[in-house]
Each structure stands twice: as structure tokens, then as C-alpha cells.
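In what follows, a single structure is set out as C-alpha cells and then discussed.
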Amino acid sequence: MRKANKRNYSLLLILCLSITMLLSACGGNNAANNEPPAPAPSNNAGSNNSTDGNDAAGDQGGSPLELAFKGEYKGTKVTMFGPFVDADQVNFETSIKEFEEKTGIDIQYEGSKEFEATINIRVDGGNAPDIADFPQPGLLASIAKTGKVIDLTPILDQEKLKSNYNQSWLDMATMEGKDGQIMAGIWNRSNVKSLVWYPKKQFEEAGYQVPETWEQLMDLTEQIAKDGDPAWTIGIESGAATGWPATDWVEDIMLRTTTPENYDKWVSGELPFTSPEVKYAVEKMSEIWMNPDYVYGGTKSIVTTPFGDAPVPMFDNPPKSWLHRQGNFITSFFPEGMKVDEDYDWFYLPPIDEQYGKPVLVAGDIYAMFNDRPEVRAVMEFFTTGESIKSWVQSGGVIAPMNDAPLDWYSSESDRRMAKLVQEASTLRFDGSDLMPGKVGAGTFWKGMTDYVSGAATLDQAMEQIQSGWSN
């Protein structure tokens with residue numbers, strides 16, 4: 001009996017060991033499964049075949065930005081190339097300093113006054129930065145077509161973007177890639193152009209009212225002329241870039257007299273300058289520009305007056321002119337000592353046709369991604385937040401395109417109103433000449449408008465001259 005029991009015990013032991021080995025074979029990867037998943041392979045520069053950043057991030061317990069703040073990418077470096085130099089570079093580097101300290105990611109920024117000429121060389125030579133800042137989205141669009149820009153659609157949370165940006169910003173970030181449309185970049189800094197500046201104290205003392213429609217604007221212009229002053233001060237002289245302020249006027253009026261779709265077609269060359277829509281916009285501009293009673297120094301002075309000097313007559317005592325349409329950057333050309341909200345203010349350039357709502361012309365910086373690594377994704381995600389530009393907003397002079405940048409960050413009532421104008425705009429569109437090919441936007445468009453204003457060309461001749469840039 002003892003031998004039988006011993007044999008039975010041995011059989012039982014063998015059976016248990018066999019079952020244990022079988023279970024181990026079936027679940028032999030348990031130890032490996034408890035380890036974090038290997039990171040998704042990085043794409044090479046120029047590849048648009050990104051893995052879904054949100055899915056990959058979710059597997060690791062958060063988005064790339066969330067992981068960055070947990071220290072996951074500490075000690076990594078992200079290179080960035082852009083046009084910010086001097087004071088702008090200081091402002092930019094100040095705005096990212098806290099992020100670098102909290103995450104341990106070193107954003108190595110390189111600024112250049114020759115950015116536009118250099119970025120193509122670097123991209124073509126396989127030496128693209130991880131991130132590039134394009135102040136002219138038209139240049140980014142031309143590079144996107146080569147397939148060398150990373151598509152951000154699967155990398156950034158699209159629902160978050162939709163809640164944090166006016167849809168127009170996202171539309172303007174959508175460009176043609178090598179194999180179809182891609183999200184070519186994200187917007188981080190903006191400037192507002194649809195503004196009319198005026199000497200606040202004297203304006204109110206004279207009893208003038210801020211116009212809310214184009215008709216009211218023209219009535220105000222006529223009233224000021226009857227009171228003995230030209231209402232507008234305008235200058236388009238800018239050295240080799242003479243004429244660009246005139247293009248801004250045409251763009252603003254185009255947004256007020258035709259559809260956003262037509263504006264886009266015009267910018268892309270589908271709607272020619274010789275079309276009725278574009279000619280009508282120039283004619284509306286001419287109601288002011290071509291009336292010598294409405295312009296300080298008369299129509300012909302427009303071409304010879306430097307754009308930075310143009311607003312100065314508003315600050316004479318009494319003012320020699322009262323209105324100046326220009327972007328928010330122009331305040332740096334105002335006489336020293338002038339105070340915003342006190343000595344000067346602005347109003348929105350009024351709508352012309354109410355069916356086109358309240359459009360706003362903007363300029364700004366769009367950041368594109370050329371190398372796909374987790375830390376680069378984290379930095380790009382950071383740049384979609386208001387926090388990434390907070391210190392710059394607080395210092396004044398820029399407007400955040402994001403909705404999560406609260407109005408109380410702005411240091412003046414003027415800037416707060418400007419930010420609200422951008423957030424509530426029915427349509428946002430980028431400076432058209434900056435989107436057009438250089439031969440048109442910075443070539444025939446500038447020259448054609450200059451020739452028209454100076455009287456060297458008729459409207460039809462000027463439009464034909466500008467359109468010829470597309471042929472070349």
C-alpha cells in the first residue's frame with residue numbers, strides 16, 4: 001500500500017507540474033506585458049505617415065504635452081527656426097522659459113532676418129529644424145506641397161483644437177500636401193489689421209461718433225472734410241516694398257464685399273484681379289483714396305509718404321487728420337509719450353455688405369513640424385495653448401489666436417477689445433498678399449497699386465499689370 005500511495009503521489013506531482021508548465025506556456029508574456037509599451041517609431045523628416053499621436057499617448061497615460069509635464073522627455077532637445085530676432089526673440093524665449101523649466105525640454109531657437117530665403121535651403125538639404133515659424137503661410141504652403149511637412153491631423157487632438165480656435169484659423173492651417181490636404185501647422189501669434197486709429201481726446205471733443213457701418217464711415221469722412229480737415233492720413237512708401245499698405249486695404253474690402261470663398265480663390269489665383277469682384281473692392285477704396293479732400297496732403301502724397309510717418313499728423317494739436325487704417329503694430333510708430341485708451345484708440349473697419357458679417361483681416365505666425373519625435377509633438381501641443389504666449393500677451397503688442405487666453409491677460413483695454421474682436425469674428429482671413437506667390441503678392445500687386453494711386457495707370461491697366469504676375 002505504501003508503494004502504491006507513493007506511486008500515486010508521484011503521478012499527481014507530475015500531473016500538477018505538467019499543468020503548471022502548460023499555463024506558463026499560455027501566459028508566458030505576462031512579465032513583458034506589465035512593462036510599458038515601446039514608443040511608436042519616429043518618422044523621418046518630411047514624412048507625412050505619422051502614427052496617431054493621441055492613441056500612442058493614451059497608451060502611455062496622457063497626451064505628449066501631459067507626458068512632458070511628467071518629465072518623460074527631460075533632457076531632450078527640440079530645434080526651432082524662425083524670423084524672431086532682437087526684441088521679438090527675447091519675448092519669444094521668455095514665453096517658453098517656464099515650459100522648458102517644468103518639462104526639461106530644451107527648445108533651441110535660432111532666429112534669422114533671412115528666414116524666408118534660408119528655410120527652403122535647409123528643408124531641401126535635409127537639414128530642416130524640428131519646428132519652423134512661418135510669418136508668411138504662403139511660403140509654408142509651397143513647402144507643404146513637396147510632402148516635407150508633417151501632417152498634424154493625427155498628431156494633435158482635433159476636438160481640442162476646434163474648441164480653442166476660431167474655425168477660420170484651422171481652415172487657414174489646412175493646405176495641400178503631396179497626397180492631399182493636411183494640417184500644415186498651428187497658429188501661435190497674431191496681429192490684427194482691420195483697425196482704424198484715431199486721436200481719442202480730440203475726436204470726442206469734436207463730437208465725432210465711431211461709425212458702425214461703411215455708410216456711417218463715409219458720412220464721418222465727409223463731415224470732417226466740411227469741418228476743414230482731411231479725415232484720412234495714408235502713406236504707402238516703404239522702400240522696395242512700397243505699395244503694401246494699399247494691398248491691405250484691398251484685402252479688407254474684399255472680405256466685406258464678397259464671399260470668403262471668393263477671397264480664397266482670389267488669393268490662390270482662381271479669381272483674377274481683372275474680375276468684377278476685385279475691381280469693385282478697389283473702387284470702394286478709391287472713394288476715399290482718390291478724393292483729395294479726404295486725404296492729408298492729397299491723393300498724390302500717398303505714394304511719397306512713408307507708411308510709418310503717415311499717422312503722425314493725427315497727433316498734432318489740433319489734429320491735421322483724424323483717421324488711419326493700419327494693423328496693431330503701427331502704434332510703435334506713434335509719437336513718444338502717446339498713451340493707448342487715452343491719447344489714441346481704434347475702431348473696427350466697418351462692414352460694407354451685412355451678408356458677409358464681421359470679417360477680420362489678420363497676420364501672424366504659423367508653426368510647422370518637420371521631424372516627428374515625442375518631445376517635438378509635446379512642444380507643438382504646447383504651442384496650441386494660450387499659456388505658450390501668455391508673457392508676450394501681457395507685455396503688449398500681440399494677440400493670442402487661442403480662446404484659452406483670457407482677456408485679463410492683456411495690459412490695455414485696447415488689446416482686450418482687439419482679442420475679443422478676433423475671437424468673435426464671423427470670418428478670419430490672412431493677409432492676401434502674403435499668401436500669394438512672391439511675384440504677385442510682393443511684386444506686381446505692390447507695384448500695380450502704386451501705379452494706380454500715383455496716376456501712372458488706370459484701374460483696368462493696374463489690374464491687368466497685377467494679374468500678369470500670375471502668368472510669370
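The values are calculated or read from the model by the stated rules, or taken from the named source; none is laboratory data. Fair warning: this is a prediction, and the values are worked out from it, not measured in the lab. Note that each Cβ is placed from the backbone with ideal geometry, even for glycine, and that neighbours are counted across all protein chains shown. Side chains are part of the model used for accessible areas, which takes the heavy atoms of the whole protein and leaves out ligands, DNA and RNA. Shrake-Rupley method; radii C 1.70, N 1.55, O 1.52, S 1.80 Å.
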Filtering the stretch 381-391 for residues that are open to solvent by less than 10 Å² (accessible area, probe 1.4 Å) and either touching an Asp or Glu at 6+ places or on another chain (Cβ under 9 Å) or of a type in the set (Val, Ile, Thr) (or both) leaves a count of 2
The residue that is nearest to residue 365 (Cα to Cα), considering only those in the stretch 89-105 that are of a type in the set (Asp, Glu) and surrounded by 14 or more Cβ atoms within 10 Å (Cβ to Cβ), is 93
With criteria (1) open to solvent by 10 Å² or more (accessible area, probe 1.4 Å); (2) closer than 22 Å to residue 258 by Cβ; (3) touching a strand residue (DSSP E or B) at 6+ places or on another chain (Cβ under 9 Å), residue 464 comes up short on (3)
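Taking residue 201 as the residue in question, decide whether it is under 22 Å from residue 424 (Cα atoms) and outside any loop (DSSP other than H, G, I, E, B).
Working: under 22 Å from residue 424 (Cα atoms): no; outside any loop (DSSP other than H, G, I, E, B): yes.
Spelling it out, it is not the case that residue 201 is under 22 Å from residue 424 (Cα atoms) and outside any loop (DSSP other than H, G, I, E, B).
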When the stretch 186-209 is checked residue by residue, the ones that are within 30 Å of residue 144 (Cα to Cα) and open to solvent by 10 Å² or more (accessible area, probe 1.4 Å) are 189, 191, 193
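Take residue 331 and tell me if it is open to solvent by 20 Å² or more (accessible area, probe 1.4 Å) and at pLDDT below 95.
Details: open to solvent by 20 Å² or more (accessible area, probe 1.4 Å): yes; at pLDDT below 95: yes.
Yes: the conditions hold for residue 331.
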Filtering the stretch 263-309 down to residues that are in contact with a Pro (Cβ under 6 Å, 6 or more places away or on another chain) and open to solvent by 70 Å² or more (accessible area, probe 1.4 Å) yields 296
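Could you say which residue among 442, 419 is within 21 Å of residue 351 (Cα to Cα), part of a helix (DSSP H, G or I) and not aromatic (Phe, Trp, Tyr)?
Values: 442 fails: within 21 Å of residue 351 (Cα to Cα).
Only one candidate passes the filter, namely 419.
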The residue from 411, 426 that alone is of a type in the set (Gly, Ala, Ser), in contact with a helix residue (DSSP H, G or I) (Cβ under 7 Å, 6 or more places away or on another chain) and open to solvent by 50 Å² or more (accessible area, probe 1.4 Å) is 411
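Among the candidates 469, 441, single out the residue that is touching a residue at least 24 places away in the same chain (Cβ under 8 Å), surrounded by 17 or more Cβ atoms within 10 Å (Cβ to Cβ) and under 18 Å from the mean Cα position of the chain (by Cα).
Only one candidate qualifies: 441.
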- Item | Flag for residue 350 being open to solvent by 30 Å² or more (accessible area, probe 1.4 Å), modelled with pLDDT of 95 or more and either assigned to a helix (DSSP H, G or I) or not polar (S, T, N, Q) (or both) | no
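Yes or no: residue 394 among the polar types (S, T, N, Q), assigned to a helix (DSSP H, G or I), at pLDDT below 95 and in contact with a Phe, Trp or Tyr (Cβ under 7 Å, 6 or more places away or on another chain)? Before the answer, list the steps.
Numbers: among the polar types (S, T, N, Q): yes; assigned to a helix (DSSP H, G or I): yes; at pLDDT below 95: yes; in contact with a Phe, Trp or Tyr (Cβ under 7 Å, 6 or more places away or on another chain): yes.
Taking the combined requirement at face value, the residue satisfies it.
For the stretch 83-189, please list each of the helices (runs of 4 or more DSSP H) lying entirely inside it that holds at least 2 residues being closer than 21 Å to residue 401 by Cβ. Give the steps one after another, and end with the answer.
Details: elements: 86-103, 115-124, 137-144, 158-164, 167-173.
Where helices (runs of 4 or more DSSP H) fall fully within the stretch 83-189 and carry at least 2 residues being closer than 21 Å to residue 401 by Cβ, they are 86-103, 137-144, 158-164, 167-173.
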Those residues of the stretch 257-285 that are assigned to a helix (DSSP H, G or I) and among the small types (Gly, Ala, Ser) come to a total of 2
With the first residue restricted to the stretch 84-97 and required to be closer than 13 Å to residue 393 by Cα and at pLDDT 95 or above, and the second required to be among the charged types (D, E, K, R) and surrounded by 15 or more Cβ atoms within 10 Å (Cβ to Cβ), Cβ contacts under 7 Å at 6 or more apart or on different chains are 95/390
Residues of the stretch 220-256 being open to solvent by 10 Å² or more (accessible area, probe 1.4 Å), part of a helix (DSSP H, G or I), closer than 16 Å to residue 319 by Cβ and in contact with a Phe, Trp or Tyr (Cβ under 9 Å, 6 or more places away or on another chain), in sequence order, are 220, 223, 225
*Can you find even one residue in the stretch 192-211 that is farther than 26 Å from residue 297 by Cα and under 17 Å from the mean Cα position of the chain (by Cα)?*
yes
